[in-house]
Amino acid sequence: MINFQITSTYQFFIENFHGLIPQEQALNHNIPKRFFILMHGRSGSSLLVSLLDSHPKIKCSSEIFYKQPTRYPYKLISGLERYYRYRRGSDIAWGFKAKLEQIEKCGVTHEEFFDYLIERNTTIISLIRDNIFRSAISVLIAGKRGNIFHNSSEKISNYAPVNLNPKQVLAVMKQRQFQKEKIQTLISRLPVDVLQLKYEEHLSDIHRHNSTCSLIFNALDIESVPVTSSFKKMTNNKLSDSVINAEEVVNFIAASQFYEYVANVII
């Protein structure tokens, strides 16, 4: 079985895969169901992908532009779609996720990219995380622990608390705020309805996972089924369980423009 790693070889193959499978064989003349998840880092998108992938009629690819940009983003998208329809059946709903900066590195504008998606009747989903403090803490802790971004088997207790630079936390918060605003501005200008999800409302509580995914299933007009994921949170609500200098970090952020994000933090 071919190992589809996100490498230049992988991209070359996928970019040309549409030439190896006749379109009528891959799509079987059905109206294809497509979706796209626009997200920023540490927004819970990998959890969402995992949940969607547990549906038998859905294949959600991850960040297809992650490792390196491609000169042919549309060929990559169509090639991946045809490959998975050929492999899983023409009636599956196929989608993927990407960050705005990944799209930009492919040499296309946001407008061009979303025009392409809309022309192909793609359901557009946005996912943001309102709490930029928790988002910043999450990515910095993951980096300290050796880039363990998503782990479905390890226990939180297996990891020792880490020390974080408060200035670095603030810098990441500013970056996250900018990314959030950029996404919200973009989707507000699109000529189609966007299914807008927030980590806190739709994914942070395991008991909301099925209802959240049902929103997507309804948008795609496919049957709702129970979904599951083996992903686990890698931080606790109590900040000092994960951050050695939790009080120092909170006090520093409390003196910044983002003070409201740490008002109710449990140290």
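Scanning the stretch 149-170 for residues being at pLDDT 95 or above, of a type outside the set (Lys, Arg) and exposed (fewer than 13 other Cβ atoms within 10 Å of the Cβ) gives a total of 1.
Selection of the stretch 87-98 for residues being touching a helix residue (DSSP H, G or I) at 6+ places or on another chain (Cβ under 8 Å) and crowded, with 18+ Cβ neighbours inside 10 Å yields 92, 93, 94, 95, 96, 97. Scanning the stretch 171-200 for residues that are closer than 16 Å to residue 215 by Cα and buried (at least 16 other Cβ atoms within 10 Å of the Cβ) yields 194, 195, 196, 197, 198, 199. For the structure I just gave you, tell me whether residue 216 is touching a Pro at 6+ places or on another chain (Cβ under 6 Å) and at pLDDT 95 or above. So residue 216 does not fit the description; no. The set of residues from the stretch 44-102 being farther than 19 Å from residue 123 by Cα and among the β-branched types (Val, Ile, Thr) comprises just one member, 70.
Taking first residues from the stretch 154-165 that are assigned to a helix (DSSP H, G or I) and partners that are surrounded by 11 or more Cβ atoms within 10 Å (Cβ to Cβ) and at pLDDT 55 or above, no Cβ contact under 6 Å between residues at least 6 apart in sequence or on separate chains turns up. Of the residues making up the stretch 166-213, those that are over 18 Å from residue 133 (Cβ atoms) and either touching a Cys at 6+ places or on another chain (Cβ under 7 Å) or of a type in the set (D, E, K, R) (or both) are 182, 189, 193, 205, 208.
Taking the criterion of being over 15 Å from residue 169 (Cα atoms) and either in contact with a strand residue (DSSP E or B) (Cβ under 6 Å, 6 or more places away or on another chain) or in contact (Cβ under 8 Å) with a residue 12 or more places away in the chain (or both), the residues of the stretch 241-267 that qualify are 241, 266, 267.
Consider residue 220 carefully, then state whether it is in contact (Cβ under 8 Å) with a residue 60 or more places away in the chain and either under 20 Å from residue 120 (Cα atoms) or in contact with a Ser or Thr (Cβ under 7 Å, 6 or more places away or on another chain) (or both). In short, yes. One residue alone among 54, 61 is modelled with pLDDT of 90 or more and out of contact with any strand residue (DSSP E or B) (no Cβ under 9 Å at 6 or more places or on another chain), and that residue is 54.
The values are calculated or read from the model by the stated rules, or taken from the named source; none is laboratory data. These numbers were taken from a predicted model, which means no experiment stands behind them. A quick note on method: Cβ atoms are made from the backbone with ideal geometry, for glycine too, and the neighbour counts reach across all protein chains shown.
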